[in-house]
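Okay, so here's the structure we're looking at.
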Amino acid sequence: MTEEIISYFEEYWNINPDIQSKILYSAIAIIVLVILRFSALKLVFKRFHDAKERYLWKNGVKNIYYILLLIILLNIWIDKIDSIGTFLGLVSAGLAIALQVPIVNVAAWLFIIIRKPFEVGDRIEIGNVAGDVIDIRFFQFTINEIGNWVGADQSTGRIIHVPNGEVFKVTQANYNQGFSHIWLEMPVLVTFESNWRKAKELLENIINNHAEELSFTAKRKLLEASKKFMIFYSNLTPIIYTSVKDSGVELTIRFLSEPKKRRVTENAVWEEILDTFAEQDDIDFAYPTQRIYYNHTEGKSDTRNK
């Protein structure tokens, strides 16, 4: 019966027995690997409930499946090449130009997996695109876009697919790797006539209430980051800087925040500032205005025109 089937395919399909056996072994290998992959994924979904851990294991199973499939198929179909080194040399020589972009993307994928400039879950900026990394594959990685027409680093709802090769071409910023917090600055402008020292004291109390826990967490993260990168800050506590602008005295609040909580933190701080300043009779917000200043009546006594 087997010989009849072989003869049939050889006679009517012009497929010699050697090719038939390779097709058969390839089909068996694919079926076995698909079953193993399905079983492994079922086990992963059963044992891991954390979304990130489950994604990493699922991605690992997928990558192992493709690598094993490639190795097995090469072993079945390539029988006239003595060494894998020779094979790789021939392939690279023949396909280097035709498949330059895919090869660069795969090389970049290996760089991302091994060097880890970013991982799934990190918030990054690459070129003119920023967002949270939600998937990494052989040829491209995917981010959930933030910013653009939406303010304060919140999601736009768009999914952006970026070729892996971009990591070799443009700079990347990672909001999470190394130091897990970012510095935020919120300028508050009060009029020259306001009690700016009192305003500064009020702002210090407000920001200390919101940023105290963040600074404690940041110290622990900074200690971890210093083991890997040359990162050092002498002061992680909130601070307020004073400067003078055209319309008044500017009090700039500088404090640490988690990247993904930037808008929530700014919202809470600003609401408390507005409520607090509304209760003060000697503090007003400044804005661009025009006024006439009479030095003769308004200036200090020693500077008035005699």
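Rule-based calculations on the coordinates, nothing more; no lab input. On a predicted model such as this, the values are computed, not experimentally measured, just so you know. Note: ideal-geometry Cβ built from the backbone for every residue, glycine included; neighbour counts use all protein chains shown.
The distance between label points at N267 and I31 comes to 5.6 nm (points 7 Å beyond Cα on the Cα→Cβ vector).
Between W183 and I76, the contour length at 0.36 nm per residue exceeds the alpha carbon distance by 32.9 nm. Each part gets one Cα centre, and for region 245-270 versus region 158-196 those centres are 13 Å apart.
The HN-Hα couplings worked out from phi for region 256-272 by the Karplus form 6.51 cos²θ - 1.76 cosθ + 1.60 (θ = phi - 60°) are 8, 8, 6, x, 7, 10, 4, 5, 5, 5, 4, 4, 5, 5, 5, 4, 5 Hz, whole numbers, x standing for Gly and Pro. The gain in end-to-end length when the N63 to T289 segment is fully stretched comes to 75.1 nm, 0.36 nm per residue minus the alpha carbon separation. Against the empirical 2.2 N^0.38 Å (N residues), region 30-74 has a Cα radius of gyration ratio of 1.21. Length gained on full extension, Q280 to F38: 80.5 nm, using 0.36 nm per residue less the C-alpha separation. For region 96-188, the Kirkwood hydrodynamic radius from C-alpha pairs, put into Stokes-Einstein at 10 °C and a viscosity of 1.306 mPa s, yields a diffusion coefficient of 113 µm² per second. Close amide-amide hydrogen proximity is noted between Q154 and G147, each under 5 Å apart and 5 or more residues distant or on a separate chain (H modeled in the peptide plane; Pro and chain starts excluded). Translational diffusion of region 106-148, estimated by Stokes-Einstein from the Kirkwood radius over alpha carbon pairs at 25 °C in a medium of 0.890 mPa s, is 232 µm² per second. Projected label points at F45 and R220, each 7 Å from Cα along the beta carbon direction, are separated by 3.4 nanometres.
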